[in-house]
1. Within segment 167-200, restricting attention to residues that are part of a helix (DSSP H, G or I) and under 18 Å from residue 302 (Cα atoms), which residue is most open to solvent (accessible area, probe 1.4 Å)?
2. All but one of (1) open to solvent by less than 30 Å² (accessible area, probe 1.4 Å); (2) at pLDDT 95 or above hold for residue 236; which doesn't?
3. Within segment 76-94, does at least one residue satisfy the condition of being open to solvent by 20 Å² or more (accessible area, probe 1.4 Å), at pLDDT below 95 and not aromatic (Phe, Trp, Tyr)?
4. Looking at segment 323-332, is at least one residue assigned to a loop (DSSP other than H, G, I, E, B) and at pLDDT below 95?
5. Any residue that is within 20 Å of residue 28 (Cα to Cα), over 18 Å from the mean Cα position of the chain (by Cα) and among the hydroxyl-bearing types (Ser, Thr, Tyr) - is there at least one of those in segment 239-247?
6. Would it be correct to say that residue 146 is open to solvent by 70 Å² or more (accessible area, probe 1.4 Å) and either touching a Lys or Arg at 6+ places or on another chain (Cβ under 9 Å) or part of a loop (DSSP other than H, G, I, E, B) (or both)?
7. Which residue pairs have Cβ atoms closer than 8 Å, lie 6 or more positions apart in sequence or on different chains, and pair a first residue in segment 99-114 that is in a loop (DSSP other than H, G, I, E, B) with a second residue that is surrounded by fewer than 19 Cβ atoms within 10 Å (Cβ to Cβ) and polar (S, T, N, Q)?
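The values are calculated or read from the model by the stated rules, or taken from the named source; none is laboratory data. Since the structure is predicted, the reported quantities are computational estimates derived from the model, not experimental observations. Cβ sites come from the backbone with ideal geometry, for glycine too, and all protein chains shown count toward neighbours. Note: accessible area is taken over every heavy atom of the protein model, side chains too, but ligands, DNA and RNA are not part of it. Shrake-Rupley method; radii C 1.70, N 1.55, O 1.52, S 1.80 Å.
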Amino acid sequence: MAPSVAAALIQPVEARPSIGKIKYLENVPLIDLAPLQMPQNSSKEDAIASIAKQVHNAMKEWGFFVVVNHCLSPDLWSNLKKAMAGFSALPYEEKKKVARDLRNPWGYNDKDHTKNVQDWVEVFDYMSTEELEIPQNMEPDCKETKIMGNLWPEKPDDFKKICQDFSQESVKLMYQLMELISLSLGLPSDRLHRYFEENVAYVRINHYSPCPHPDLALGKGAHRDGSAFTLLTTDEVSGFEVYRRSDGQWLRLRPIPNSYIIVAGDVLQVWSNDIYDSLLHRVVLDSQVERYSAIHVAAPSYHCVVKPLEELVDENNPANYGEYKWGEFFMTRRISNFKKLDKPVIEVTDFKKSK
């Protein structure tokens, strides 16, 4: 055991990456969103239908796709990366002033867990909206509420504004993708809007420092996102890997400048009644260079009840899942990521019906 990697961060043998045997995904499902900027006419309608079909094929085969020409300025990400680098460079005591805790899941954290193993990463989380009113506790009949709000550091001076600029623009792309995903399932483009009226969408900025033994730890352990889907952007350092179900291989994605990786989550898997599967993915570390990334998580409203969409369920395709309350599921998962638990982490498969 290497003393420079704390025991809490060392992955089980079967979960450790093979650093010397990296396999890259050569034919990445890449989707060009440029046609979305066309004037509204029949050509645009045909283009959107074509893109929706590409989304369907990518989600069916992989559970993710990469978008380019999405109309988000590259400055949004470059500024966010610089802001996070400035924040990461602060003394630890300064960063701890905005540390998340069991009462508020937003802010700084360097003790994130995946499947009860600590990740080699420091993160900063914030909601797309500044405040959100939620129940005081997770008791079924709880009538009292509390306000959950973002925590912002005093330094860097422009940190808050840069973060808000990024989320305000990327949420527009989130809704465009939501409509394409809905169309890809054969549904009206606005079918999923109702579930996001008071959404819990949030941004996570990740900083992965160099790891002296990247064969022992992971920046983010193998997991599936609990949300509907996630928009991921990253710098030029590779590290994002996806799991290919057909042969059990982990495949690395080469970073594509000014692109976003769209990752299917558990909520989408349930809504689609297993037409789409959430993507199993992880983050591998580097021994020499640091890495930054950011995700915008498309999470539905706190009070949303998640279950297979009725249009996708019939006698020949019965519902594969029972319903569950998104807010309670979300908060339980957030707590499980915050500390090591004595019981198994709740998974969306816990709501799967037996055949």
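1. Among those that are part of a helix (DSSP H, G or I) and under 18 Å from residue 302 (Cα atoms), it is 194.
2. (1)
3. No - not one qualifying residue is present in segment 76-94.
4. Looking through segment 323-332, at least one residue is assigned to a loop (DSSP other than H, G, I, E, B) and at pLDDT below 95.
5. Scanning segment 239-247, I find at least one residue that is within 20 Å of residue 28 (Cα to Cα), over 18 Å from the mean Cα position of the chain (by Cα) and among the hydroxyl-bearing types (Ser, Thr, Tyr), so the answer is yes.
6. Taking the combined requirement at face value, the residue does not satisfy it.
7. Taking only residues 6 or more apart or on different chains, not a single pair turns up.
Quick grid of which residues meet (1) in contact with a Phe, Trp or Tyr (Cβ under 9 Å, 6 or more places away or on another chain); (2) surrounded by 12 or more Cβ atoms within 10 Å (Cβ to Cβ); (3) small (Gly, Ala, Ser):
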| residue | (1), (2), (3) |
| --- | --- |
| 4 | no, no, yes |
| 9 | yes, yes, no |
| 13 | no, no, no |
| 17 | yes, yes, no |
| 25 | yes, yes, no |
| 29 | yes, yes, no |
| 35 | no, yes, no |
| 38 | no, yes, no |
| 42 | no, no, yes |
